[in-house]
């Protein structure tokens with residue numbers, strides 16, 4: 001039974017990789033079509049109008065340059081309830097995300113060398129210096145990714161929704177996504193029962209620490225995308241948060257608690273679930289928005305449908 005589940009899990013990971021690769025191929029840049037040469041024109045004096053050009057319109061408006069990402073107007077995301085094809089669209093978006101299919105591909109590739117990599121990591125401990133340090137660092141690093149999601153959720157604009165309400169909605173969805181990812185991983189652990197590298201338990205696949213770290217890092221990255229700031233700063237913050245998640249995953253390997261394919265599969269699950277939940281329930285301009293508000297001893301739910 002365990003062997004069958006492991007085989008099905010690998011097939012699922014391969015399907016995710018194939019879907020991501022197909023999406024990359026579909027969006028690959030194509031060679032531009034040749035531009036026909038322009039006809040030669042007779043030079044005109046400065047300020048004069050060419051005889052072949054249409055008469056100028058003095059009332060035409062001068063084009064206004066678009067604002068830069070750092071100064072773009074704050075639109076913000078709102079709580080949204082998906083309908084119809086939006087469920088499937090969210091699933092495809094999550095499957096095609098590089099944060100999903102790249103670690104899934106890594107899990108498939110390294111599975112054959114799991115034991116060798118794990119033994120080397122625990123015997124050399126190249127990053128954290130000892131198995132105990134690696135195990136402690138994994139908890140600290142996953143806590144740091146949790147904090148990054150929380151802070152970026154507070155910073156991302158909420159549009160025309162009141163500040164406290166928009167943050168409440170966003171944190172509700174994002175912590176719900178992390179909980180869903182953790183539950184998915186827990187279910188797979190119970191079904192597959194893979195023995196840990198240190199033989200302490202049969203819940204090695206997939207890694208719960210890695211799942212949580214990449215779920216929160218994916219949410220934090222999405223929050224950064226919706227926050228006006230210079231592109232260089234956004235890239236640097238995103239890279240730093242992703243490094244925290246990757247450090248969590250490697251610490252679990254170096255600490256002897258997981259095989260490499262365990263943490264890579266956990267990363268794929270965390271990224272997939274968090275992306276899917278955000279695509280479903282947080283939108284910039286939702287057709288059907290849901291508003292939750294709290295008063296004295298009462299809660300209110302309002303739904304708005306835009307046509």
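The values are calculated or read from the model by the stated rules, or taken from the named source; none is laboratory data. In this text, all values refer to a predicted model and were calculated from it rather than measured experimentally. We place every Cβ from the backbone using ideal geometry, glycine too, and count neighbours over all the protein chains shown.
Residues of the range 226-235 being in a helix (DSSP H, G or I) and either surrounded by 13 or more Cβ atoms within 10 Å (Cβ to Cβ) or in contact (Cβ under 8 Å) with a residue 12 or more places away in the chain (or both), which ones?
Across the range 226-235, the qualifying residues are 231, 234.
Take the residues in the range 151-164 that are at pLDDT 90 or above and surrounded by fewer than 17 Cβ atoms within 10 Å (Cβ to Cβ); name whichever of them is farthest from residue 212 (Cα to Cα).
In this case the residue turns out to be 155.
Identify, by number, the condition in (1) under 21 Å from residue 213 (Cβ atoms); (2) surrounded by 15 or more Cβ atoms within 10 Å (Cβ to Cβ); (3) free of Cβ contacts under 8 Å to residues at least 24 places away in the same chain; (4) within 20 Å of the chain's Cα centre (by Cα) that residue 189 doesn't meet.
Result: residue 189 passes all but (4).
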